[in-house]
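Enquirer: A single structure is presented below for examination.
The values are calculated or read from the model by the stated rules, or taken from the named source; none is laboratory data. Quick caveat: nothing in here was measured; it's all calculated off a predicted structure. Glycine gets a Cβ as well: all are built from the backbone with ideal geometry, and neighbour counts include every protein chain shown. We work out accessible area using only protein heavy atoms, side chains counted, and drop any ligands, DNA or RNA first. Shrake-Rupley method; radii C 1.70, N 1.55, O 1.52, S 1.80 Å.
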Amino acid sequence: MKVARLMKPYDIELIDQPIPVPSDDEVLLKNITLGICTSDLQIYHGLHKYAAMPVTMGHEEAGLVAAVGKNVKDWKVGDRIVLQPQKFCKHCAPCRTGHPNVCENLKVIGVHVDGCACEYNAVPADTLHALPDAVSFRDAALIEPMAVGFGVVRRINEVSDIHDKKVCVVGAGTIGNLVAQACKAMGAAQVMITDILNEKLALAKRCGIDFAVNTRDTPLADAIVSCFGEDKADIIVDSAANPFVFKSIMEAARKASIVVISGNYKEPVSFDVTLLQRREITLLGHMMYIHDEYKDALEQLAMGNIHTDGLITQEWTLQQYPEAFKFMDEHPNGVVKMIVRITDDETV
């Protein structure tokens, strides 16, 4: 089978490897579509602190069950699936208390261990979800980032019911867009999204977001008041992961409101702690997703409550996988979401 393997930073080689044989508790997947995200780009650049090298990247995968291990009862050959690319130890305190997404021994498929930029790979059977017939394999490549959005909703609901709340999402990239859509799908009263790129803001409006504001033109604090009134935002979600933007978020946050950090920061950030204390702001960290968020994403997409038109801006083949990363480097503002079609079968 063909495998696109990152040998060292900026060096992806297409090589031949044997098709793996699943162990007793594994499933062999025939990979059909694969998303490429900014985490993959970070690994490609050699900037991910914990990624293996060399490694077969790819964690946003949808495909078909090609074979099952002898202990696997829940899956059969031909089942349509999406991958939840996390391996948990199931024994540490986070795992035992319902937070396996921050497992002390977490391994992410395609980051810490080999992933899905290949024709076939073997994964634990309990990392799979059934793909509804109503969801195409093309859209299924978006389920993993969608689950991040529903993970944000879970974190909000742990401290305050999102129903009827006014939510501001900062950053209108793929994750920010899907966070905003997840908040609307799960009952937020109004959702606004901000960015400095008009194309991404226009896409968010087409996806049903109530307000889309360019903060290059209107400061965040003013934008929130103009959209939500003097009561401002009940919740602000940081999907931008920019130290300057975080400062503006903390300054714009209303007293007795919630700020969720969902963006993937690469460096420490300093901020005025007195804003947190004197305004009684609830600051929440958020990381990835758990099993139920995958279910929510699949259900809401199948029901038509998540809009995907326009999110996928480029499609590549596995042979073009190295070219795709060069394109991302050369067109940093020209990509929303890229996917790779592993199979040549245009019917899937």
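Enquirer: Quick test for you: out of 284, 311, 298, pick the one residue that is touching a strand residue (DSSP E or B) at 6+ places or on another chain (Cβ under 8 Å), among the hydrophobic types (A, V, I, L, M, F, W, C) and closer than 18 Å to residue 209 by Cβ.
Expert: None of the others qualify; the one that does is 311.
Enquirer: With the condition being in contact with a Lys or Arg (Cβ under 8 Å, 6 or more places away or on another chain), I'd like the strands (runs of 3 or more DSSP E) fully within segment 1-98 carrying at least 1 qualifying residues.
Expert: 11-16, 26-36, 60-68
Enquirer: I want to confirm something. Restricting to segment 99-114 and keeping residues that are touching a Pro at 6+ places or on another chain (Cβ under 7 Å) and in a loop (DSSP other than H, G, I, E, B), which single residue is farthest from residue 138 (Cα to Cα)?
Expert: Top of the filtered list is 104.
Enquirer: Looking for something among the β-branched types (Val, Ile, Thr), modelled with pLDDT of 95 or more and open to solvent by 40 Å² or more (accessible area, probe 1.4 Å) - is there at least one such residue anywhere in segment 95-109?
Expert: Yes, there is a match, as at least one residue in segment 95-109 is among the β-branched types (Val, Ile, Thr), modelled with pLDDT of 95 or more and open to solvent by 40 Å² or more (accessible area, probe 1.4 Å).
Enquirer: Being in a loop (DSSP other than H, G, I, E, B) and open to solvent by 70 Å² or more (accessible area, probe 1.4 Å) is the filter here, so list the residues in segment 286-304 that pass it.
Expert: Listed by number, the residues that qualify are 287, 303.
Enquirer: Taking segment 317-336 only, how many residues are surrounded by 19 or more Cβ atoms within 10 Å (Cβ to Cβ) and either closer than 19 Å to residue 137 by Cα or touching a Lys or Arg at 6+ places or on another chain (Cβ under 8 Å) (or both)?
Expert: The number of residues fulfilling the criteria is 2.
Enquirer: Does any residue of segment 191-214 turn out to be open to solvent by 10 Å² or more (accessible area, probe 1.4 Å), farther than 30 Å from residue 29 by Cβ and β-branched (Val, Ile, Thr)?
Expert: So far as segment 191-214 goes, yes, one or more of its residues are open to solvent by 10 Å² or more (accessible area, probe 1.4 Å), farther than 30 Å from residue 29 by Cβ and β-branched (Val, Ile, Thr).
Enquirer: Right, something else. From 275, 283, grab the single residue that is in contact with a helix residue (DSSP H, G or I) (Cβ under 9 Å, 6 or more places away or on another chain), part of a strand (DSSP E or B) and either open to solvent by less than 80 Å² (accessible area, probe 1.4 Å) or closer than 24 Å to residue 200 by Cα (or both).
Expert: 283
Enquirer: A further question follows. Given 204, 212, 256, 233, which one is of a type in the set (Gly, Ala, Ser) and part of a helix (DSSP H, G or I)?
Expert: Every option except 204 fails the conditions.
Enquirer: Right, next: Check off (1) modelled with pLDDT under 95; (2) among the aliphatic types (A, V, I, L, M); (3) surrounded by 14 or more Cβ atoms within 10 Å (Cβ to Cβ) for residue 47 and give me the number that stays unchecked.
Expert: Only one criterion is unmet by residue 47, namely (3).
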